[in-house]
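I have placed the structure first, in the form of structure tokens, so that the comments after it can refer back to it.
The values are calculated or read from the model by the stated rules, or taken from the named source; none is laboratory data. Owing to the predicted nature of the structure, the values given are computational and were not obtained by experimental measurement. For neighbour counting, all protein chains shown are included, and Cβ atoms are generated from backbone atoms with ideal geometry for every residue, glycine included.
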């Protein structure tokens, strides 16, 4: 009897291992994308990016990306996480910025010592040491470079302009004589993409870190953990928009018209559960407004990306309930919410 129970247990464990291996390595998420007519580019520098009707989504480990083409109703699996611009996949491998021509499967190394990049149909901008370098995203010819004296904290392209956030640190010494750096200030900047000329700049004092930075209509929005608020910095002189009191924000994004963010209050012992809160959900915020509008109850997704027509919600699909073995992931889920 004992031998029989052992065999049954071994069989159950074997089946469990096979199923887990299948989910971990061979599971391919399905997403039926509705046609998106927006011809612009949007880039999160995380799981999602979008260009002219095609949404690119990376897997949990960011080792491959699936491109969903809403124009031709087709799906293409690509080998590396990055951004797909027409037939070129831009991505960083180690510290090398690469371009993969998906039609010929040929790869070019654009540059080394790169940490992050953003791109659209015309320009790719990437960080290299203390500079941001701009190249033509089609020919890869050099457009220009911009040098910075401080940490390059954020970079994005929006409405044909380049937006940068620098973070300034100052040196401190503790009571034992050990030196360390403390965040002192952020500088929010706007540059012309073609000339690399600085167009606008504004300093803001935030000692602690800011999270989920996005930019819309020359206004940077971000979340402050310490105050549990959605703050902003408008680059227009003497313009200061209201701060939004909204706890538990976990991602902010924007298109050229509005800001969108998601909030979820959770509690965790072993399993991380959603706790009821009036702040939970997906919210829309007009630039300059102090009254966000709730547009969806969904609050368990991990990332948002907004185009002019749709809001894409990316959710990591765990094998076990959230909080238990979070490294065991079977894929992701994408919801496409109409916003226009």
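Quick look at the numbers
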item	result
Count of residues meeting criterion [surrounded by fewer than 21 Cβ atoms within 10 Å (Cβ to Cβ), touching a residue at least 40 places away in the same chain (Cβ under 8 Å) and under 25 Å from residue 163 (Cα atoms)] in the range 43-81	3
Lone unmet requirement of (1) under 22 Å from residue 146 (Cα atoms); (2) outside any strand (DSSP E or B); (3) within 18 Å of the chain's Cα centre (by Cα) for residue 220	(2)
Verdict on residue 195 being modelled with pLDDT of 90 or more, part of a loop (DSSP other than H, G, I, E, B), touching a strand residue (DSSP E or B) at 6+ places or on another chain (Cβ under 9 Å) and on the phi < 0 side of the Ramachandran plot	yes
Test: residue in the range 125-147 that is within 26 Å of residue 303 (Cβ to Cβ) and surrounded by fewer than 17 Cβ atoms within 10 Å (Cβ to Cβ)	no
Count of residues meeting criterion [within 18 Å of the chain's Cα centre (by Cα), in contact (Cβ under 8 Å) with a residue 40 or more places away in the chain and within 22 Å of residue 245 (Cβ to Cβ)] in the range 282-340	3
Entirely in the range 226-336, the strands (runs of 3 or more DSSP E) that have 2 or more residues that are on the phi > 0 side of the Ramachandran plot, surrounded by 18 or more Cβ atoms within 10 Å (Cβ to Cβ) and at pLDDT 95 or above	none
Filter pass, residue 208 being closer than 19 Å to residue 259 by Cβ and touching a strand residue (DSSP E or B) at 6+ places or on another chain (Cβ under 8 Å)	no
Meets criteria (loosely packed, with under 14 Cβ neighbours inside 10 Å, free of Cβ contacts under 8 Å to residues at least 24 places away in the same chain and more than 27 Å from residue 262 (Cα to Cα)) for residue 184	no
Qualifying residue in the range 87-102 (condition: loosely packed, with under 14 Cβ neighbours inside 10 Å, within 24 Å of residue 33 (Cβ to Cβ) and under 20 Å from the mean Cα position of the chain (by Cα))	no
Condition met for residue 108 (at pLDDT 95 or above and surrounded by fewer than 20 Cβ atoms within 10 Å (Cβ to Cβ))	no
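Yes or no, residue by residue, for (1) within 23 Å of the chain's Cα centre (by Cα); (2) touching a residue at least 40 places away in the same chain (Cβ under 8 Å); (3) buried (at least 16 other Cβ atoms within 10 Å of the Cβ):
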{"site": "165", "(1), (2), (3)": "yes, yes, yes"}
{"site": "170", "(1), (2), (3)": "no, no, no"}
{"site": "173", "(1), (2), (3)": "no, no, no"}
{"site": "177", "(1), (2), (3)": "no, no, no"}
{"site": "195", "(1), (2), (3)": "no, yes, no"}
{"site": "206", "(1), (2), (3)": "yes, no, yes"}
{"site": "216", "(1), (2), (3)": "yes, yes, yes"}
